[in-house]
Structures are given as structure tokens and as C-alpha cells.
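For reference, the structure is listed below as C-alpha cells.
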Amino acid sequence: MIRQEIMSGKKTIRDEDFELVQAINSGRTELFQQLVEKYQQKLYNFGMRMCGEPRDAEDLVQETFLNVFRYLKGFRYETRFKNWMYRVATTTCLKAKRKPKHAPDRELSLEEFMPGEGDLPPDQAPGWAKKPLDQLLNQELAGHIRKAIIELPKNYRMVVVLRDQEGFSTEETAQILDISVANTKVRLHRARLFLREKLKGYFDHDA
Amino acid sequence: MTHNGHDHHKCMALFEKMSEYIDHELDDDARAQVEAHIRDCCHCHTCYETLQRTVDLCRSSAEDYPLPDTFAEKLRELIESADQGV
Ligand SMILES: [Zn+2]
């Protein structure tokens, strides 16, 4: 086997899909169904997190697998197959027409989340930051978080979904989105601050 | 610009680094500075706790969505026809 291990900086990554991808690319295209079965749930989750609607998520998954199928021959193992597949998914997602009900594409500035001099954060963390997580998280709150994520502008939503929900590292997220690590960090921080404001609003309202 | 004897600029500088702190992406020096500051500044401590909680909630609420009925079947057919060049 050639290049089963990928050099990324100093780290060597093993790609668990290497052999399967090699086999498909050497002509056994029927094996592609194995990739579909393995990743359909993950991609559907990603689609739901990004689009919020089952029909849109289905479209995203279908388009992604079709594109992966079409372009797999050109995959050069510069990254894990899975990360490359997410690159295809995010590109597909960015190309999709913006839903009218979704947040407009705009930049979030750090200033809009900075506490002004007049309204410093309280000197004690609120109950929702103190309570054990499993006592706090219920279906209603999970639904509220989903809604808040959908309200983020797409460029920010994508970063927070990849980092905090799909579990990619900062470097991987930057690579998937083809943006710098610094830009990834900036977007992630602002997206989190945006979500924190939404949570504050939710709990203030609830209290 | 101070509150509770603290330098507002320091709080603002920290505010920008909070996610990197949460993600363990700061070098040792920067990390130690953040830790020293949030030990003393209750406002930044609150800011940190609420942001950390936001991240935890985001992670913990990320569960699998149920796949629609027949979706797996639909995908299989889609790829079959792509494979046959239809
Ligand atoms: Zn402070």
C-alpha cells in the first residue's frame, strides 16, 4: 500500500477509509455503497444542523454523495477521506440557494458582543452556567440551540457546526473550509458569542 | 477605565482570547495570564463560565437526527444509477 499514512505537519494520520477508497478507485465502484452506509447518518446530521429542514438535509446528502462519487478519482489523500467528503459537503452547502427564512449573510463583529462599560457581566455566573449539564439540557433547550445555530450567518454557522458539533479540530475545520486557522478561530469565537447571547436571552426570559 | 480595580483593556484583550483559552490553544504564557486574570476578575470569570457552558451545550445537544424512512434506499438507488452512468 502506498501512502496509507498522511503527513500533516509533523503528525502522521491514518485514514481508516484508505483501502476502501483505493478499491473503489481501482474499479470496484459497487463498494461505494459502503461509504454511503458508513457516512449517511453523519452527513444527514450535518445537513440538519446547517439547513434545519429534513428535505434540505436530504438534498444536501444526495448532492454530496453524487459529487463524492464523481470526483473520488481526483482525491489525492492530502487529507483524510472523511475530511475531504466534508469539504465536498460544505462546498455543496455554500452553493445551495440561501433560504429566505435563514439569516442573511453578514459579518459578525466582536464589538457587538463586547460588554459596554455600563453593562459589565454580572460578578456571579448565572444559574444556567452553574447547574450540572445533564440537569440543564432537555429537549426544549436542545431545540432552542438548534434554532439559534440556524440564525447564525452561514459562514459562522459552518465553523461552529464543524468545530463544536461535528468534532473537527481547528486545523481540520480550516482545511475543510479552505480558510486560514486565524480566520477559523475568529469566526468560531464570534459564533459562540452569538449563541451565548441567544442562550442568555432564553434563560432570562425563562427565569 | 477600571472596574473592581481592574483594567478594562485587559478584560477586553481577554475577551478576544476566550475561545482559544477554552480550546486549549493558547501557549503556556498566554494561558497563565488568562488564568491569573479570571481568578481575580469576577466579570471575566462569569464571561468565561457562560461561554464555556455555551460550548458544552452545543456539543452535548449534537445528537443523531433520525434518518427519514426509505432515505437509505433512495441513496442506494441514486448511487446505483450514477454508477451505471444513467
Ligand atoms: Zn476582567
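Select, from A:43, A:60, the only residue that is open to solvent by less than 30 Å² (accessible area, probe 1.4 Å), within 19 Å of residue B:82 (Cβ to Cβ), aliphatic (A, V, I, L, M) and in contact (Cβ under 8 Å) with a residue 40 or more places away in the chain. A:43 is the lone residue from the list that is open to solvent by less than 30 Å² (accessible area, probe 1.4 Å), within 19 Å of residue B:82 (Cβ to Cβ), aliphatic (A, V, I, L, M) and in contact (Cβ under 8 Å) with a residue 40 or more places away in the chain.
Taking the criterion of being of a type outside the set (Gly, Ala, Ser) and either crowded, with 18+ Cβ neighbours inside 10 Å or outside any helix (DSSP H, G or I) (or both), the residues of the stretch A:27-39 that qualify are A:28, A:32, A:35, A:36, A:39.
Yes/no per residue for (1) within 11 Å of the ligand (Cβ to nearest atom); (2) among the acidic types (Asp, Glu); (3) in contact with a Leu (Cβ under 6 Å, 6 or more places away or on another chain):
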{"position": "B:22", "(1), (2), (3)": "no, no, no"}
{"position": "B:44", "(1), (2), (3)": "yes, no, yes"}
{"position": "B:50", "(1), (2), (3)": "no, no, no"}
{"position": "B:54", "(1), (2), (3)": "no, no, yes"}
{"position": "B:57", "(1), (2), (3)": "no, no, no"}
{"position": "B:74", "(1), (2), (3)": "no, no, no"}
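Take the conditions (1) under 15 Å from the mean Cα position of the chain (by Cα); (2) aliphatic (A, V, I, L, M); (3) open to solvent by 30 Å² or more (accessible area, probe 1.4 Å); residue A:182 misses just one of them, which is (1).
Screening the candidates A:192, A:146, A:157 for the property of being of a type in the set (D, E, K, R) and free of Cβ contacts under 8 Å to residues at least 40 places away in the same chain yields one hit, A:192.
Table: residues versus (1) under 22 Å from the mean Cα position of the chain (by Cα); (2) polar (S, T, N, Q).
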site	(1), (2)
B:13	yes, no
B:26	yes, no
B:34	yes, no
B:60	yes, yes
B:65	yes, no
B:71	no, no
B:81	no, yes
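Does residue B:30 qualify as being within 13 Å of the ligand (Cβ to nearest atom), farther than 19 Å from residue A:157 by Cα and more than 12 Å from every other protein chain (Cβ to nearest Cβ)? In short, no.
Please go through the stretch B:14-32 and give me each residue that is surrounded by 16 or more Cβ atoms within 10 Å (Cβ to Cβ) and modelled with pLDDT under 95, ordered by number. B:14, B:15, B:17, listed by residue number. Inspection of the stretch B:50-70 finds no residue satisfying the criterion of being more than 8 Å from every other protein chain (Cβ to nearest Cβ), touching a Lys or Arg at 6+ places or on another chain (Cβ under 9 Å), part of a helix (DSSP H, G or I) and of a type in the set (A, V, I, L, M, F, W, C). Among the numbered conditions (1) modelled with pLDDT of 95 or more; (2) buried (at least 18 other Cβ atoms within 10 Å of the Cβ); (3) not acidic (Asp, Glu), the only one that residue B:65 does not meet is (2). The residues of the stretch A:122-140 that are surrounded by 16 or more Cβ atoms within 10 Å (Cβ to Cβ) and either touching a Ser or Thr at 6+ places or on another chain (Cβ under 7 Å) or in a loop (DSSP other than H, G, I, E, B) (or both), listed by number, are A:125, A:126, A:129, A:137. Assigned to a helix (DSSP H, G or I), open to solvent by less than 80 Å² (accessible area, probe 1.4 Å), in contact with a Cys (Cβ under 6 Å, 6 or more places away or on another chain) and within 11 Å of the ligand (Cβ to nearest atom), is that true of residue B:11? Spelling it out, residue B:11 is indeed assigned to a helix (DSSP H, G or I), open to solvent by less than 80 Å² (accessible area, probe 1.4 Å), in contact with a Cys (Cβ under 6 Å, 6 or more places away or on another chain) and within 11 Å of the ligand (Cβ to nearest atom).
The values are calculated or read from the model by the stated rules, or taken from the named source; none is laboratory data. Keep in mind that what you see is a predicted model, and the values were worked out from it rather than measured. Here the Cβ is made from the backbone with ideal geometry for all residues, glycine too, and neighbour counts use every protein chain on show. Remember, those area values only see protein heavy atoms, side chains included, never the ligands or the DNA or RNA. Shrake-Rupley method; radii C 1.70, N 1.55, O 1.52, S 1.80 Å.
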